[in-house]
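Here the structure is laid out as structure tokens; the discussion comes afterwards.
The values are calculated or read from the model by the stated rules, or taken from the named source; none is laboratory data. The structure presented is a predicted model; accordingly, all values stated were derived computationally and were not measured. Quick reminder, even Gly has a Cβ in these numbers, built from the backbone with ideal geometry, and neighbours come from all protein chains shown. Ligands, DNA and RNA are excluded from the accessible area calculation, which covers all protein heavy atoms including side chains. Shrake-Rupley method; radii C 1.70, N 1.55, O 1.52, S 1.80 Å.
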Amino acid sequence: MEQQYTTLTKDINNIDNKDAIVYAYIKSRENYELNVTSRLTYPNIAKNIKVAEGTVENIVPALISKRALFTKVDGRTMPDEKGEIHTHNTYYFASSYPNYFYINNAFFSEDISSGIASIKEANKVKGLLLQLKAVCINETNKYISRQPYKGGVNISELSRLLNTDRDTLTRLLKLAVELKQVKYIPKGILITNRHIIPDYIVAHNNRQGKPLLTSVYHLSLIHISE
């Protein structure tokens, strides 16, 4: 059965915004028993996150150089099922990360453009959401500025944390608000995308009396009966 959720390292905020969505998709294809993503091609990545194949070809080598993201990458040039020659990369991941968060894999297929932005710009917003999640308070979708500016988010402080320039961050945050992916709160920002998971719990199967794998929930999906 295909994994419904992806575990991402919070080191994702140390890579470029446009690279974050590519790394996240590669990680989403991981076999969690083996900690490996097998024989993933550039066309496959490009198709599933709606970016140009040439862009993926440029981004992946930069990602590989980030040792915090992959423990090893093996590449083989071979034909695909159509007989076309492509590089098939096998990506190896650490068995666990000290700091991590979850996303629902529907994040990749969701069209957040809302007729306002191009797919390219919407993907930049998705990359921003992943980076922003990495600096949120643990198990929440809230980023709170350490030194708020006039009671609101400190853009300069946040841009340093996300390793991006202030103007780019300001532009992407404005677009993210228009696309209803984030909203401003006192001293910070709240991620409102429903596929970015704010918390998790460990569920138990009462019939068998054994703990299940960690189950992930979004707050809006939890029903609390009286």
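Here are the numbers for this structure:
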{"read-out": "Members of region 1-39 that are assigned to a loop (DSSP other than H, G, I, E, B), in contact with a Ser or Thr (Cβ under 9 Å, 6 or more places away or on another chain) and not polar (S, T, N, Q)", "value": "16, 29, 30, 32"}
{"read-out": "Of all residues in region 9-44 being at pLDDT 90 or above and of a type in the set (Lys, Arg), the one that is most open to solvent (accessible area, probe 1.4 Å)", "value": "29"}
{"read-out": "Qualifying residues in region 97-117 (those that are open to solvent by 60 Å² or more (accessible area, probe 1.4 Å) and either of a type in the set (Asp, Glu) or not in a loop (DSSP other than H, G, I, E, B) (or both)) - the one farthest from residue 197 (Cα to Cα)", "value": "111"}
{"read-out": "Filter pass, residue 183 being among the basic types (Lys, Arg), assigned to a strand (DSSP E or B) and surrounded by fewer than 16 Cβ atoms within 10 Å (Cβ to Cβ)", "value": "yes"}
{"read-out": "For residue 133: the one exception among (1) in contact (Cβ under 8 Å) with a residue 12 or more places away in the chain; (2) part of a loop (DSSP other than H, G, I, E, B)", "value": "(2)"}
{"read-out": "Enumeration of residues in region 144-168 that are assigned to a helix (DSSP H, G or I) and without any contact (Cβ under 8 Å) to a residue 40 or more places away in the chain", "value": "155, 156, 157, 158, 159, 160, 166, 167"}
{"read-out": "Single match in 64, 15 (criterion: out of contact with any His (no Cβ under 9 Å at 6 or more places or on another chain), β-branched (Val, Ile, Thr) and within 26 Å of residue 118 (Cβ to Cβ))", "value": "15"}
{"read-out": "Criterion violated by residue 48 - all others in (1) open to solvent by 30 Å² or more (accessible area, probe 1.4 Å); (2) of a type outside the set (Asp, Glu); (3) part of a helix (DSSP H, G or I); (4) free of Cβ contacts under 8 Å to residues at least 60 places away in the same chain satisfied", "value": "(4)"}
{"read-out": "Failed item, numbered, when residue 120 is tested on (1) touching a residue at least 12 places away in the same chain (Cβ under 8 Å); (2) assigned to a strand (DSSP E or B); (3) surrounded by fewer than 18 Cβ atoms within 10 Å (Cβ to Cβ)", "value": "(2)"}
{"read-out": "Region 142-170, residues that are within 15 Å of residue 13 (Cα to Cα), at pLDDT 95 or above and touching an Asp or Glu at 6+ places or on another chain (Cβ under 9 Å)", "value": "159"}
